[in-house]
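Derivation of every value follows stated rules applied to the coordinates shown; laboratory data play no part. This is a predicted model, so every value here is computed, not measured. Quick reminder, even Gly has a Cβ in these numbers, built from the backbone with ideal geometry, and neighbours come from all protein chains shown.
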């Protein structure tokens, strides 16, 4: 297999820490991939509502480039990009008329069907290696006991016929990754509810209304952090969290799933770009470190006695 | 209709899109499960099941001017749970496309500004040049001061690149826009409603013009 | 020399509109061997039949071809007419120029040409037809009823009261079916058990009914009037002849934690059990999967474990060594009345169905189904009729009832309406409000379908007198939030989102046929629909017959049915059985296969492919009694005339009467060689 990497626009800008963390983790897991040369925007959020053809053509150009550059698999860490790439490929497979006019629109021949990955299913496939690295590094793991709410949102899981996620209503793939990283996924209710996605800028109050339910539910079910795999979700739950939180409530860090894996396998907060998050991750990191140290000290004391 | 070259094919495209959409909506049996699960329904003038009903009955004047089309997040909850397989999210996408081709101007201003600015930046640079996007969005939405407090934070965290990336295949991307018939003028001038339509949180908020024409009082 | 008469029917406008019938008759008149040809508006009418009879006599016809509708429709009619005019009925055939021609074509010239071709092929066939005689078969005047729910009980009682013996087979330890589980019944709110148990006892005591509970039909051979049925009597581990039903064994059983099937999993029972106190027969069964002694045996432990029930039994009725027993019954008719099961919303689903992730896949405590609610409301149920929710025994103050769960949901695999849920939801809301006066009963529905005598009035009573709150809309999601269940819906009439904190949610889950129905249907050679419901022979005119003669259907195994419908169907099926038993012998068409024993090489491929088991090996002996060779032999009573054996016979030794090779080839030649 040859894996192509499609970063998408957010990972080069407002969510650059996602790229930092994704690249650091894939490097540590020895996942080989090559960034698609001269990739362009997938059109997420704005192309498909205006024109179906444009909504398919923009991602299809990138699939064509990936195939021309020798890839048979693509990973798009951004859930919106992933969804657009997968949707385009699905629609081209299902609509012969669309497939027939697409080469003329693209100026490229139609790419063969590629295996399109999101960051969650990619990491889930490497769960055993994550577990190995966690075990090799520290005992007990840094994230032991950390209660995490796995937040999928919409674009990873829906429509299920396109994404093929394990379950549209009660997915568990991200939980597999969280467990592999040594943390504990919590059972909660808002895992696949929408955060408001692309309305972050144009309709901020809607996003705050939707995000508040998500953060509140995660908190009510004992989560200490929310794991996300989408820059849009992250922006809404991170940058907008201040507006969702009542006075006196502790903020709830929204971490990329790669952040959790990275911390678990010993990458530094700096390598993962944690300082770029708006919700301060320092208190959580400090308490994790303190707890790990306390456990280690206790273990050492037991050993020497 | 009009004599301007190309206009006929756009209106033909609208007719075709609406006919396809109408027959797709015929599967809907009005159970309301789409509206029940819709995260934006409390802000919509027409809930999703009403959009399906009016579409199935060919009442496009009401549908195409509804703010609800533009309040859809394409979260696909409706389509995932729809018992009849109607796929409201895809129908709403097609209705939006028809509304744009039809030159409708009832899109809530902030959302029109978002889509216009997004696509402009992609057409210009091949990628979403975020700094340019924010600047253009501010101008188009006339919400100059909204969110301005977050700008220093974004800059401090190194999240805003001052200059766009240079794409070799920019010509290809522009050609794609051209061939898909998406014009720079689409959505321009849309958003006749005052900035109050950005209130968002209030039920029934949004485009008052759409509300009047929505007609399910 | 053949003298064939051709009669072309206009079928009013049905054929005449597209086919030039006069031209068809005119062309056929010139066909070799045709002695007479004419067309007429309605050939099946009395004057039309008179035309045929007169022509047979006047023109001394040797064969008749009626070019009209499908033979399914009127072959019998025309053969009867031919026979009345003295012609062997099997010398009369139909050419289908309606379903195969006029209804599916528009071009008049082309359709007329096709009609001519069609008529011509049948004329060529009739030239090769042989006069045949109707087959007479005897009838065993004894019936089998499969399923001991209300439908099966009713059918058995009606047949037995008609003076014929009935074998009633029930797979569970007791008869009674789902009706025995219900608390009260719509639309009269009379107690279900009070009206059912007298029927159960009557069936048990009826001199003409042989009751076989804890038994299943294993194999069925034969044909209408002459079925041989093999029934597996599952080992009860209790000698039914000795047991007096005192119940001491139940009290002695140390395992009391097995979920009770009768209480829909809400209560528990012992390993040796009768499903409910009024069970018929009142003989316990040992559930070997949950009995300590049998579990030990299964594990290979030699020592005899437990045995408390046997110690407690003063009659010595417990028999751990009992084995399954195969019993053979000869019957002439079979009634299938196996009833229904409820769809489960869980993750694991049979092929073609999907679970309800949005409703938590059945993993939320206090989200129950309709039968569970019946048990909670029933005086004989696990809460003695007090409405308490399963998780913590709290009396629910808000109960949400959700209609159409699975039903009318093609995306989950079931497009059909389950028919009974609207009524039982209204009933549940009433029962709940009668028991919890200050409680809220909220019903999410799509339409209220209450077509039945007194039904709509009943649902209105739920609203007007008992305060049921009906909200129109499907529920999008159910999830547990602390002590409550969040019900996320939308009131499509008030146009507003609704979110209700419910203490308990009752799902009206779809009615599905029983597991194992497809296998049983295959055993009986009856067809079933995509969901497994048994197909009736005709959706309007033959509602209780199946496509296999002598096999009838009653109740919810055919489609979702309520009690009155099931009982009506059962009595209808019984009437059909009694009608069958009223004749001395049956007549059937001679369309059966026969083996030419001189050319048969005895490969017996035909025996392997015959779907009806009609082919046997037959030994040919010489004068001294030595076996010379083996050939195939076909039992004409069992043969259904499908022609499979004829198609596979390598030595061309099998001919199917009415479809012989000569007849078929002449049809093909007529198409190929006539212009």
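The table below lists the values:
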{"item": "Crossing angle, helix C:455-464 versus chain C [Cα axis fit, 0-90 degrees, rounded to tens]", "result": "30"}
{"item": "Computed [θ] at 222 nm, helices only, for chain C once each DSSP H run of length n ≥ 4 contributes -39500 (n - 2.57)", "result": "-8000 deg cm²/dmol"}
{"item": "Pair-distance profile P(r), taking every C-alpha pair of the protein assembly as shown, with 20 angstrom steps and integer %", "result": "10, 28, 30, 25, 7, 0, 0"}
{"item": "Residue C:628-residue C:648 FRET efficiency (beta carbon distance; Förster radius 25 Å; 0.05 resolution)", "result": "0.55"}
{"item": "Label point distance in nm, residue C:330-residue C:391, each placed 7 Å from Cα along Cα→Cβ", "result": "6.1"}
{"item": "Ordering of A:192-198, A:273-279 by burial proxy (mean other Cβ atoms within 10 Å per residue, highest first)", "result": "A:192-198, A:273-279"}
{"item": "Stretch gain in nm, segment residue C:161-residue C:26, where the contour uses 0.36 nm per residue and the Cα spacing is subtracted", "result": "42.7 nm"}
{"item": "Alpha carbon centroid spacing (whole Å) that separates the range A:1-18 from the range A:69-97", "result": "15"}
{"item": "Fewest-first ranking of A:256, C:673, C:294, C:186, using other Cβ atoms within 10 Å as the exposure measure", "result": "C:673, C:294, C:186, A:256"}
{"item": "Extension gain, residue C:671 back to residue C:60 (0.36 nm per residue minus Cα-Cα distance, nm)", "result": "217.3 nm"}
{"item": "Efficiency of FRET from Cβ geometry, residue C:549 and residue C:194, R₀ 60 Å, rounded to 0.05", "result": "0.95"}
{"item": "Cα centroid separation, the range C:244-296 to the range C:561-629 (Å)", "result": "43"}
{"item": "Nitroxide proxy distance, nm - points 7 Å out along Cα→Cβ at residue C:529 and residue C:46", "result": "3.9"}
{"item": "Full-extension gain in nm, residue A:69 to residue A:286, via 0.36 nm per residue minus C-alpha separation", "result": "73.7 nm"}
{"item": "Relative contact order (%) - criterion: Cα under 8 Å, at least six apart; region: the range A:3-119", "result": "30"}
{"item": "Sequence of C:103, C:674, B:70 once ranked by neighbouring C-beta atoms within 10 Å, starting from the fewest", "result": "C:674, C:103, B:70"}
{"item": "Shielding by partners - mean other protein chain Cβ count within 10 Å, residues of C:72-83", "result": "0"}
{"item": "The range C:254-316 shape via C-alpha gyration tensor axes, a/c threshold 1.5", "result": "oblate"}
{"item": "All-pairs alpha carbon distance profile, the range C:28-160, 5 Å steps from 0, percent", "result": "2, 9, 16, 18, 15, 9, 6, 6, 7, 6, 5, 2, 0"}
{"item": "Relative contact order %, chain C, counting alpha carbon pairs below 8 Å whose residues are six or more apart", "result": "12"}
{"item": "Kirkwood Rh in Å, taken over the range A:3-119 so that all alpha-carbon pairs contribute", "result": "14.3"}
{"item": "Residues B:160, A:85 arranged by fewest to most Cβ contacts within 10 Å", "result": "B:160, A:85"}
{"item": "Gap separating the Cα centres of the range A:180-196 and the range B:48-125, nearest whole Å", "result": "30"}
{"item": "Separation in nanometres of the label points that stand 7 Å from Cα toward Cβ, at residue C:463 and residue C:256", "result": "4.7"}
{"item": "Exercise: per-residue mean of other protein chain Cβ atoms within 10 Å, B:171-184", "result": "5"}
{"item": "Residue C:582-residue C:664 FRET efficiency (beta carbon distance; Förster radius 41 Å; 0.05 resolution)", "result": "0.60"}
